[in-house]
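Some notes on the structure that comes next.
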Amino acid sequence: MAQTLTEKILKSHLVEPSELPGRGEDIAIRMDQTLTQDATGTMAYLQFETIGLDRVKTELSVSYIDHNTLQVDFRNMDDHRYLQSIAERYGLWFSRAGNGICHQVHLERFGVPGKTLLGSDSHTPTGGGIGMIAIGAGGLDVAVAMGGGAFHLNMPKIIGVKLTGELRTGVSAKDVILEVLRRETVKGGVGSVYEYFGPGVVALSVPQRATITNMGAELGATCSIFPSDSVTRDFLVQMGRPGDFTALAADEGAIYDRVIEIDLSSLNPLAAQPHSPDAVVPVAEIAGKKVSQVVIGSCTNSSLRDLTAVAAIVKGKTIAPDVEAGIAPGSRQTLMQAEKTGVLGELIRAGFRILESACGPCIGMGFAPNSGGVSLRTFNRNFKGRSGTADAEVYLVSPETAAAAAITGVITDPLSENKDITENSKLFEADISGIHDDDMLVPPLGPEKAKKVEIVRGPNIKPCPTSPELPDSLSLPVLLKTGDNVSTDDIMPAGAKVLPLRSNIPEISKFTFERLDPDFYDRAKNTDGCFVVGGENYGQGSSREHAALAPMYLGVRAVIVKSFARIHRANLVNYGILPLVFEDPALYDAISRDDILELTGIHQSLEQGGPFKFRRVSDGLQFTAKNDLDKRSRDILLAGGRVAYTRKGGQ
Ligand code: MIC
Ligand code: SF4
């Protein structure tokens, strides 16, 4: 039978069952590669150490330093030292601070079509741009994959995105994914893979494809993928890795669960308005709004292609007086290429502040906008407060749209800059084929040398707390009730103040739900266990397992919602918190904060798969939560979390 590309790669990596099952069924796949970054990596490696292996068992594992590079005190670098010694000890590659953002470096230096990649970062699907099945997960799942364990997921639906036509100058890959987000919304992709195909694909370069697969994370998708074709081959040749190329595509006549079609030639420049990546409107509709900041960078839009488009627009001009503009090239390699082509010089001349090749402003590590400021960013998330300024208005746009605003000082449709883009881009053409740079990548040590390495543990590295046992019944208050689309940034914020605490759960837990309820920590500390109630798409966004670990540490025993985002739900299971879904979503309205709820027969529900039974103590109101957890997740919860489950022999 004709197969989609997703099915082909999943099938060739299937550990269990022997054939691809129906949509939604549990599958286990082998992971060829893993990646971690420093903000999620310390927890992942602390877990890996407890598995007790001598060396990673993957074909390739890389530990990146890119998130916590502000280093306002000893803590960030303590983490870096720990991570470097772990890489040396267990046979990983190590990407040093300054080398670039994990997803971009991985695409450039390690991505291989047809391979699987698991990363402790939600934007790992960037690798789909080069034809990989690349999935984001919690650190614990990545630790297990590094140890050779399979990764479990529900067999996704496969949504075909048929691209026809060609983008007009001034419209770029960011506008394609913003169009998908406009149509599908931030929860439209849960349980799905977006597979791109059609005649329009060939006109998109690999970095453009990667922009699209990267932001598939904002759809809630498991991952997104492009075929591997002559464009992929040219990219790999340019990266000095022609041997890594294989041609891959869906079979003729492959059947998708659903197909959406986008005519690239009809697309206009788009922007996601505050405060959600799916609040998408045409740029023309909001043109004229005053802008105070423009930032180009992040794992979504910081390739040489993107920087060149910006340089072409700003050529010979100066950043508008009221605008502060910054640019963070995605990798050191890109930075060096931009230097060779003259792009960097032009950006400096125009007045851009050159930021480090790292996540930086995308995760609130510096470059926060002014009070109430309007910031145009080429990033992928604009959740309220994520920029570091609570009342800033962040718009997500393409590099072209950002550059046009940088010059005019107001939101500007970049189609007006077409002539400059076409003519000036030619000025930045140079032979960059020789510039692929691995000097800041430390290769793995051989097994004998590796065994002698001592792990460096500074005072900031604290052991990971363990999950409590799960009793058969719980009678606890609803300590917090949230609305829809609560992100993991709402559950556990990032930014310069909180990120240095990622290796210290007792300390970081003080910030749990800080944005939704500044008193949550104190109230939880004075309560012996609690529930949290939420709306749709609870836990969207980042893969940070701290959003499960810290609530667990503070006594949250179950989260009852209308629906979950995939990675967060898996993280809750791993840390022994019951992720439950209202059978009747209308009941969400009936439950209030501080209600005491009794949950009984938990063990039986987990063993036999029946619904979870709740009763409100004040008036006896009864309701049920669905049991749509697969058998393995139920076993993990029964065991009291993933660590206990693995100790008891679970896979
Ligand atoms: C993000 O973009 O939110 C992050 C920071 O990259 C996270 C990972 C983290 O919280 O460390 C992600 O996307 O998974
Ligand atoms: Fe880094 Fe931002 Fe990408 Fe997350 S989304 S990996 S913080 S650049």
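Find the residue count for the stretch 274-305, including only residues that are in contact with a helix residue (DSSP H, G or I) (Cβ under 7 Å, 6 or more places away or on another chain) and either in a loop (DSSP other than H, G, I, E, B) or within 13 Å of ligand 2 (Cβ to nearest atom) (or both).
Residues that pass the stated criteria total 12.
I'd like the residue in the stretch 216-238 that is in a strand (DSSP E or B) and of a type in the set (Ser, Thr, Tyr) and, out of all such residues, is farthest from ligand 2 (Cβ to nearest atom).
SER228
Hey, does the stretch 550-557 have a residue that's among the basic types (Lys, Arg) and in contact with a Cys (Cβ under 9 Å, 6 or more places away or on another chain)?
yes
Could you list, ordered by first residue, the pairs with Cβ atoms under 6 Å in which the first is in the stretch 263-290 and over 19 Å from ALA403 (Cβ atoms) and in contact (Cβ under 8 Å) with a residue 24 or more places away in the chain and the second is open to solvent by 50 Å² or more (accessible area, probe 1.4 Å) and in a strand (DSSP E or B), at least 6 apart or interchain?
From residues that are over 19 Å from ALA403 (Cβ atoms) and in contact (Cβ under 8 Å) with a residue 24 or more places away in the chain, the pairs are PRO274/GLU393.
Which residues, taken from the stretch 307-325, are part of a helix (DSSP H, G or I) and of a type in the set (A, V, I, L, M, F, W, C)?
Result: LEU307, ALA309, VAL310, ALA311, ALA312, ILE313, VAL314.
Can you pull out every residue in the stretch 616-651 that is of a type in the set (D, E, K, R), surrounded by fewer than 16 Cβ atoms within 10 Å (Cβ to Cβ) and assigned to a strand (DSSP E or B)?
If the condition is that a residue be of a type in the set (D, E, K, R), surrounded by fewer than 16 Cβ atoms within 10 Å (Cβ to Cβ) and assigned to a strand (DSSP E or B), then LYS626 is the only one that fits.
Suppose the filter is modelled with pLDDT of 95 or more, touching a helix residue (DSSP H, G or I) at 6+ places or on another chain (Cβ under 9 Å) and in a loop (DSSP other than H, G, I, E, B); does ARG593 pass it?
no
What are the pairs, 6+ residues apart or on separate chains, where a residue within the stretch 1-20 that is free of Cβ contacts under 8 Å to residues at least 12 places away in the same chain and within 14 Å of TYR256 (Cβ to Cβ) has its Cβ under 6 Å from a residue that is open to solvent by less than 50 Å² (accessible area, probe 1.4 Å) and outside any helix (DSSP H, G or I)?
Listed pairs, sorted by first residue: none to list.
Please pick out the residue among ALA639, ALA625 that is at negative phi and out of contact with any Gly (no Cβ under 7 Å at 6 or more places or on another chain).
Answer to the check: ALA625.
So, ILE313, is that one modelled with pLDDT of 95 or more, β-branched (Val, Ile, Thr) and more than 25 Å from GLY98 (Cα to Cα) or not?
Yes: the conditions hold for ILE313.
From the list VAL486, VAL498, which one is without any contact (Cβ under 8 Å) to a residue 24 or more places away in the chain, buried (at least 16 other Cβ atoms within 10 Å of the Cβ) and within 16 Å of ligand 1 (Cβ to nearest atom)?
Checking each option against the conditions leaves just VAL498.
Has the stretch 330-344 got at least one residue that is more than 16 Å from ligand 2 (Cβ to nearest atom), within 21 Å of ALA97 (Cα to Cα) and of a type in the set (Gly, Ala, Ser)?
The answer is yes, given that some residue of the stretch 330-344 is more than 16 Å from ligand 2 (Cβ to nearest atom), within 21 Å of ALA97 (Cα to Cα) and of a type in the set (Gly, Ala, Ser).
Across the stretch 60-94, what is the total count of residues that are within 13 Å of ligand 2 (Cβ to nearest atom) and closer than 30 Å to ASP229 by Cβ?
2
Select the strands (runs of 3 or more DSSP E) contained entirely in the stretch 2-101, then report the ones holding at least 3 residues which are among the aliphatic types (A, V, I, L, M), farther than 30 Å from VAL498 by Cβ and away from ligand 1 (no atom under 16 Å from the Cβ).
26-29
From the list PRO477, PRO493, PRO551, PRO471, exactly one residue is surrounded by fewer than 17 Cβ atoms within 10 Å (Cβ to Cβ) and at pLDDT 95 or above. Which is it?
From the options PRO477, PRO493, PRO551, PRO471, the qualifying one is PRO471.
The values are calculated or read from the model by the stated rules, or taken from the named source; none is laboratory data. Just so we're clear, the structure is a prediction, and the values are computed from it rather than from any experiment. So basically every Cβ, Gly included, is an ideal-geometry build from the backbone, and we count neighbours across all protein chains shown. Remember, those area values only see protein heavy atoms, side chains included, never the ligands or the DNA or RNA. Shrake-Rupley method; radii C 1.70, N 1.55, O 1.52, S 1.80 Å.
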